Structures are given as structure tokens and as C-alpha cells.
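Participant: Take a look at this one; I'll ask things after.
The values are calculated or read from the model by the stated rules, or taken from the named source; none is laboratory data. As the structure is a prediction and not an experimental result, all values here were calculated from the model. Every residue, glycine among them, receives a Cβ derived from its backbone with ideal geometry; neighbour counts consider all protein chains shown.
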Amino acid sequence: MATRTFKEAYGVLQQHAETLRDQQEPNIDDLLTIVTESVDAYKTCQQRIEAVEKALEKALSDTGIKAAANPVTKDVPSTTKKSAPELPAADDGDIPF
């Protein structure tokens with residue numbers, strides 16, 4: 001697999017998806033080539049995405065900023081959070097009202 005940029009690899013994926021979508025009848029002779037090239041392009045895209053994520057994490061950690069999985073509730077005091085009331089299990093025959 002030749003080294004490609006994300007944009008080139010993503011272009012291959014788009015091109016193959018369009019080719020497969022637009023076919024009136026499947027071209028089985030080209031299918032193996034399309035799948036092989038698509039898998040290689042996907043791997044390239046995935047590697048580039050992972051590299052960018054790591055670089056962003058490092059850049060943010062160097063500045064002291066921490067990426068939050070859920071930034072909206074991150075700073076909400078625990079006293080304002082309310083849990084849902086416990087309901088009986090559906091199979092115990094009780095009607096919850």
C-alpha cells in the first residue's frame with residue numbers, strides 16, 4: 001500500500017462507493033479490486049484519524065486543557081443531578097402507578 005493522504009484515501013472510498021451504487025448489474029470481475037483498494041483506503045483514513053486524535057490530546061494536555069467526554073454535565077454540581085425513580089421490573093406483575 002502506497003502512503004496516501006487522508007484526502008486521497010477518502011476520495012478512493014467515495015469513488016468506489018459511487019461505482020458500486022451506480023452499477024445496474026454487479027461487475028464481479030472488479031469486485032475484488034474495489035474491496036482491496038477500499039480496505040487499504042479505510043486503513044489509511046483510520047490511521048490518520050488516530051494520529052490526529054493523539055496529536056490533539058497531546059496539544060490539549062500541554063496547555064492544561066482536558067478534553068471532556070461530556071462537557072455539558074462536567075461542571076454541574078452533584079446536588080443538582082437527580083436520578084430517575086426506581087421502577088419495578090416489567091416481569092414481576094406489578095403495575096407501576
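Residues checked against (1) in a helix (DSSP H, G or I); (2) under 26 Å from the mean Cα position of the chain (by Cα); (3) of a type in the set (A, V, I, L, M, F, W, C); (4) at pLDDT 90 or above:
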{"site": "7", "(1), (2), (3), (4)": "yes, yes, no, yes"}
{"site": "35", "(1), (2), (3), (4)": "yes, yes, yes, yes"}
{"site": "52", "(1), (2), (3), (4)": "yes, yes, yes, yes"}
{"site": "82", "(1), (2), (3), (4)": "no, no, no, no"}
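Participant: Within segment 54-80, track down each residue that is in a helix (DSSP H, G or I), surrounded by fewer than 11 Cβ atoms within 10 Å (Cβ to Cβ), more than 22 Å from the chain's Cα centre (by Cα) and modelled with pLDDT of 65 or more.
Facilitator: 62, 63
Participant: Another question, if that's okay. Which residue pairs have Cβ atoms under 8 Å apart, sit 6 or more places apart or on different chains, and have a first residue in segment 3-27 that is in contact (Cβ under 8 Å) with a residue 40 or more places away in the chain and a second that is exposed (fewer than 12 other Cβ atoms within 10 Å of the Cβ)?
Facilitator: 6/49
Participant: Looking only at segment 10-27, decide whether some residue is surrounded by 12 or more Cβ atoms within 10 Å (Cβ to Cβ), more than 17 Å from the chain's Cα centre (by Cα), acidic (Asp, Glu) and part of a helix (DSSP H, G or I).
Facilitator: Checked against the condition, which is being surrounded by 12 or more Cβ atoms within 10 Å (Cβ to Cβ), more than 17 Å from the chain's Cα centre (by Cα), acidic (Asp, Glu) and part of a helix (DSSP H, G or I), segment 10-27 yields no hits at all.
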